[in-house]
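Undergrad: Have a look at this one.
The values are calculated or read from the model by the stated rules, or taken from the named source; none is laboratory data. Quantities reported herein were computed from a predicted structural model and do not represent experimental measurements. Here the Cβ positions follow ideal geometry from the backbone for every residue, glycine too, while neighbour counts run over all protein chains shown.
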Amino acid sequence: MKTINTTKAPSAIGPYVQGKIVNGFLFASGQVPINPATGEIEATTIEGQTKQVMENITAILEEAGTSFDNIVKTTCFVTDLGQFAQFNENYAAYFGEELPARSCVQVAGLPKGALVEVEVIATVK
């Protein structure tokens, strides 16, 4: 088992790590839209927050030696499914033709007042 830790994604805000590689799979912790440079959520819209979340995921994938092409499953949490279309548009921009399996649910709240959180499982070569 290998722990993933990069300064290009936000540090954990609780008792967890950014990700673990086990048996050829990366299990990444859910990412909220914290800017790793400031430690704060700066974007106020679902579009901006989704972009920051996906950039945080990019950094974790790179640290693990994998990419969006190798994501097999995502779990997405949003605080307002009324913004589902805006979330989808920004989320989809990070994937090629091979889309992962996905669950997306509305939740009552997320850490630090975030509007979106995404976790991923990806294969690692």
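Undergrad: Go through the residues of region 70-77 one by one and say whether even a single one is buried (at least 18 other Cβ atoms within 10 Å of the Cβ), assigned to a helix (DSSP H, G or I), of a type outside the set (A, V, I, L, M) and at pLDDT 95 or above.
TA: Yes - at least one qualifying residue is present in region 70-77.
Undergrad: Kindly list the number of the only condition in (1) of a type outside the set (Ser, Thr, Tyr); (2) touching a residue at least 40 places away in the same chain (Cβ under 8 Å); (3) out of contact with any Ser or Thr (no Cβ under 6 Å at 6 or more places or on another chain); (4) within 23 Å of Ala12 (Cα to Cα) that fails for Glu89.
TA: (4)
Undergrad: With the requirement that a residue be part of a strand (DSSP E or B) and either polar (S, T, N, Q) or touching a Cys at 6+ places or on another chain (Cβ under 7 Å) (or both), what does region 1-25 give you?
TA: Matches in region 1-25: Thr3 only.
Undergrad: Can you find a residue that is under 30 Å from Met1 (Cα atoms), among the charged types (D, E, K, R) and out of contact with any strand residue (DSSP E or B) (no Cβ under 6 Å at 6 or more places or on another chain) anywhere in region 85-95?
TA: No, region 85-95 contains no residue that is under 30 Å from Met1 (Cα atoms), among the charged types (D, E, K, R) and out of contact with any strand residue (DSSP E or B) (no Cβ under 6 Å at 6 or more places or on another chain).
Undergrad: Now for a separate question. Going residue by residue through region 89-107, is there one that turns out to be under 12 Å from the mean Cα position of the chain (by Cα) and closer than 21 Å to Lys20 by Cβ?
TA: no
Undergrad: All but one of (1) within 15 Å of the chain's Cα centre (by Cα); (2) crowded, with 18+ Cβ neighbours inside 10 Å; (3) not acidic (Asp, Glu); (4) not in a loop (DSSP other than H, G, I, E, B) hold for Thr66; which doesn't?
TA: All conditions are met except number (4).
Undergrad: Taking region 1-24 as the region of interest, how many residues are within 15 Å of Ile121 (Cα to Cα) and either surrounded by fewer than 18 Cβ atoms within 10 Å (Cβ to Cβ) or at pLDDT below 95 (or both)?
TA: 8
Undergrad: Condition first: part of a helix (DSSP H, G or I), acidic (Asp, Glu) and out of contact with any Asp or Glu (no Cβ under 6 Å at 6 or more places or on another chain). Can you find one or more residues in region 26-49 that meet it?
TA: yes
Undergrad: Right, next: Just the residues that are closer than 17 Å to Asn5 by Cβ and either surrounded by 14 or more Cβ atoms within 10 Å (Cβ to Cβ) or of a type in the set (D, E, K, R) (or both), please, taken from region 33-45.
TA: Ile34, Pro36
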